[in-house]
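Each remark here refers to the structure printed beneath this line.
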Amino acid sequence: MEAKNVCNAPLSLQSIPKEMLKEILLLIPVKCLLNLRCVNKSFCSLVNTHLKRQILFLPCSKEQLADNGMRIISPDAGCGSVEKLVPKTSFFNEFIDSAKIYGYCNGLVCLILDMDRLGLWNPSSNEFKILPRTGNPFHGGVFYGMGNYDSHIDDYKLVRAAASRFKDDGELVYIDSPIKFEVFTGRSNSWRRIEDIGTTQCYLQKQAVHLCGSLYWLKQITTLDDAYVLSQCLVILCFDLADEKVREVRLPNEEFLILAWSRLGVLGGRLCVCSYEETDVKIRMIDFNEKASWSKVISVIKPTGSSFAIPICISRKWEVITLADGRDLVIYDSHGNSYRKIAVGDGQNLYNAAFYVESLVRLGPRLS
Amino acid sequence: MKKLKFIGNPLLQSREKINMSSDKKWLTLKTTEDNEEFVVEESVAIMSNVIKNMVEDGCASSVIPVPRVKGNAMGKIIEFCKKHTEESDEKVLKEFDAEFLNLGPDALYDLMVSANFLEIKVLLDSVTTKVADMIKGKSSEEIRNILKIENDLSAEEIEESRRENCWTRQE
């Protein structure tokens, strides 16, 4: 508000810019934010869309889940204290033998309950939902991606891409593996088939990343040319959540990139390819203009004695945070010159970690 | 009526105005809304990124006009910056901040907006944390009272939110 204030007129909350209110919200724990929703309209919409950034540590087995629960840490608060989050295991009772933790998707944890069913769990609101069957149990690899809660449609979307060896009529294919896409929306509570993408032998990375309304998977295409020479290249499969269209973008200069040692991520607000090399981890940020090109490259040296360091996120202070060997958080300062370690695993336990933004998205009626 | 405020020793102030090779530089900040002038050490003033940039760009020769910030807020801000440049003991600063920020919501908003405009990160962080602490753990009614916010939600909307909260916090 640019109105010239009379010297003594006080400022009201309405005149405070949204960005500053967001900064205040980030300092408040999620449970208290629930109260803030009942204060007034602008707080209500603010709370629903802008919540804290967290790192969630996912145990690698459901036994670990039952014993230790999940842990969360705040990257923007300097990774100070580790909070323990113990989910109610009654959620998984029905599927306790076959349930596997698949991963995280934008504030929600995804679990594979059996061949054909997914479970979604929101750690912030402690809500759990079992999704209906897709009607297309996977034969080959299954890949998922989760879109953000979209306030325009007041809904969230989940995408399932199954690379199947079978065509719709049951015919087996050896070279062209059609990738069948299905979309699930919270409101419809059902899966809907959309277009297939037939490609040559390809391998999709399991977990999609989400950025600005699109989902991205890293894909490796293997081609056999007429002289029977095998060549491989990496592409990014982009799925636009609004119009539900798929397109492929080839990555530049990928001779040094191998799918096995590369991973897509969203770090520092940009789409990146993280590649694990001998002594360091390189984070290459991608610019999408007409074609994909590399913009910034950040390189972090693995701590001595560690074999594997996965970048998880970049804090607001430009510290690169990685998970080393499934046990330690390694936080590099913004110049990449020094690092500090925080142990988060318990002894031998191996953790996978995911960066997410807290969400109060309703998954649907709770399973009692 | 112009009011000239000296922060620091006035005797030292006048001597240094003549001595060109003094190691302490002084700046005059003038709030354009109410025409109050403040004379501060440059080292204190440059806690504001905005003023720091002006000084580095060489446009801070005479009087620096500061729009959008009122005189009493400016005075408080200078008091804060001065303490933070002089004192390096974390504990002392923490106690100072707690006392300093013991203000009503209107004054806090004023400080927040001014600190944001002048880009004084330390002050902005302190005020933001203070407001967050005021909200944490309070019911929505209490929050409305503390922050002096009017309730514009309908009875149905409040009831729906309350039901949702019960349900998400259960278990």
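General observations
- Number of positions in segment B:122-171 that are polar (S, T, N, Q), part of a helix (DSSP H, G or I) and modelled with pLDDT of 80 or more: 5
- Set B:Lys91, B:Lys138, B:Lys121: member being over 19 Å from A:Ile24 (Cβ atoms) and among the basic types (Lys, Arg): B:Lys91
- Screening A:Cys238, A:Cys212 for residues that are surrounded by 14 or more Cβ atoms within 10 Å (Cβ to Cβ) and of a type outside the set (Lys, Arg) leaves exactly one candidate, A:Cys238.
- Test result for A:Lys302, of a type in the set (D, E, K, R), touching a residue at least 12 places away in the same chain (Cβ under 8 Å) and under 25 Å from A:Val82 (Cβ atoms): yes
- In summary, strands (runs of 3 or more DSSP E) completely within segment A:194-298 and bearing 1 or more residues that are modelled with pLDDT of 75 or more and within 22 Å of the chain's Cα centre (by Cα) occur at A:209-211, A:214-224, A:230-240, A:245-250, A:262-267, A:270-276, A:280-288.
- Test: residue in segment A:345-368 that is in contact with a strand residue (DSSP E or B) (Cβ under 8 Å, 6 or more places away or on another chain) and at pLDDT 80 or above: no
- Residue list for segment B:108-130, restricted to those being under 21 Å from A:Phe43 (Cβ atoms), of a type in the set (A, V, I, L, M) and surrounded by fewer than 24 Cβ atoms within 10 Å (Cβ to Cβ): B:Leu108, B:Val113, B:Leu124
- The set of residues in segment B:93-118 that are within 13 Å of chain A (Cβ to nearest Cβ), part of a loop (DSSP other than H, G, I, E, B) and closer than 16 Å to B:Gly75 by Cα contains only B:Leu103.
- Restricting attention to segment A:26-43 and to residues that are more than 7 Å from chain B (Cβ to nearest Cβ) and closer than 13 Å to B:Ser161 by Cα, the residue that is modelled with the highest pLDDT turns out to be A:Phe43.
- Exactly one residue among B:Lys121, B:Lys130, B:Lys83 is in contact with a Leu (Cβ under 6 Å, 6 or more places away or on another chain), more than 9 Å from chain A (Cβ to nearest Cβ) and touching a residue at least 12 places away in the same chain (Cβ under 8 Å), and that residue is B:Lys130.
- Evaluation of A:Ser334 against the conditions (1) closer than 14 Å to A:Gly268 by Cα; (2) within 22 Å of the chain's Cα centre (by Cα) shows that the sole unmet condition is (2).
- Considering segment A:44-67, and only residues there that are at pLDDT below 70 and under 24 Å from B:Asp152 (Cβ atoms), the residue that is farthest from the chain's Cα centre (by Cα) turns out to be A:Asn48.
The values are calculated or read from the model by the stated rules, or taken from the named source; none is laboratory data. Quick caveat: nothing in here was measured; it's all calculated off a predicted structure. Cβ coordinates were reconstructed from backbone atoms using ideal geometry, including for glycine residues, and neighbour counts include every protein chain displayed.
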